[in-house]
Amino acid sequence: MDLSVREVAHLLGVTEKTVHRWLRERAIPAHRLHDQPRFNRVEIQEWAAAQGLRLRPEMLAPAGPSHHPQSLRGAIERGGIHFNVPGENPTEVLEAVTRLPGIPDGVDRSLLRQLLVGREALTSTGIGGGVAIPHPRDPLVMRVQEPVVLACFLEHPVDFRSIDGAPVHVLFTILSPSVRVHLELLSRLSYALHDRALLKLLTKPASPEALLDRLEAIESQERTPQP
């Protein structure tokens, strides 16, 4: 879906003037249609996550009548929480991630490695604060049945060329069965990573139970209507 300047400004919670400034600085991904700037929803959402922007709820992919909201906690339970993931650089870390048991059966691990490493070589998935969110750019390639998120605490911090220069100590790898689910999980994760209590748990790191409980609390707050 192509978005206008006004729609992007609304979704990111900024002014149209800010979006136009980003366009002049070539800081935001865009293309032109009939001499007007247009934005791809997937590119904008990934760019916003990489910039550490807190995505608005509307950034969730449009849901159809049979759509069931995706649970970030459920996706992480399927992918697992992994500690002491080895690696001296991003390539070694991502290779180690593809060997973890949380990768769904049937996924071509060699292909996944190529996609993750290739993507990282083009654009850092480090979003700042010691966190990275590596994932295949095209989720359909992996052909997974259910979305999974692998939460990986690294053996030691690794430089992922993050926007704030901080080395990464935890990363979340997203594998989704569709673009819609990919967008939804990325939105939920980006939203959750602005929760101070969760960030504190990620720094320790805390027990899997504490992390999952905090994620459930965040999702419950997200579902509660605001007065």
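The values are calculated or read from the model by the stated rules, or taken from the named source; none is laboratory data. None of these values were measured; they are calculated from a predicted model. When we count neighbours, we look across all protein chains shown, and the Cβ atoms used for this are built from the backbone with ideal geometry, even at glycine.
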Quick check on region 172-194. Is at least one of its residues part of a loop (DSSP other than H, G, I, E, B) and either farther than 19 Å from Leu112 by Cα or at pLDDT 95 or above (or both)?
yes
Every residue from region 87-137 that is in contact with a Leu (Cβ under 6 Å, 6 or more places away or on another chain), buried (at least 20 other Cβ atoms within 10 Å of the Cβ) and assigned to a loop (DSSP other than H, G, I, E, B):
Thr98, Pro134, Pro136
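Output the residue which, of all residues in region 7-30 that are out of contact with any Asp or Glu (no Cβ under 8 Å at 6 or more places or on another chain) and within 13 Å of Arg41 (Cα to Cα), is surrounded by the fewest Cβ atoms within 10 Å (Cβ to Cβ). Before the answer, list the steps.
So in region 7-30, the residues out of contact with any Asp or Glu (no Cβ under 8 Å at 6 or more places or on another chain) come out as 7-8, 12-28, 30.
So of that shortlist, the ones also within 13 Å of Arg41 (Cα to Cα) come out as 7-8, 12, 28, 30.
Values: Glu7: 18, Val8: 24, Leu12: 22, Ile28: 21, Ala30: 22.
Here the residue is Glu7.
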Taking region 202-217, which residues are surrounded by 17 or more Cβ atoms within 10 Å (Cβ to Cβ) and under 20 Å from Ala49 (Cβ atoms)?
Leu202, Leu211, Arg214, Leu215
Matching residues in region 139-160 - criterion: being surrounded by fewer than 17 Cβ atoms within 10 Å (Cβ to Cβ) and without any contact (Cβ under 8 Å) to a residue 40 or more places away in the chain:
Leu140, Val141, Arg143, His156, Pro157
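Would you mind stating whether Val181 is under 18 Å from Val93 (Cα atoms) and either under 14 Å from the mean Cα position of the chain (by Cα) or of a type in the set (Val, Ile, Thr) (or both)? Walk me through it before giving the result.
Details: under 18 Å from Val93 (Cα atoms): no; either under 14 Å from the mean Cα position of the chain (by Cα) or of a type in the set (Val, Ile, Thr) (or both): yes.
Answer is no for this residue.
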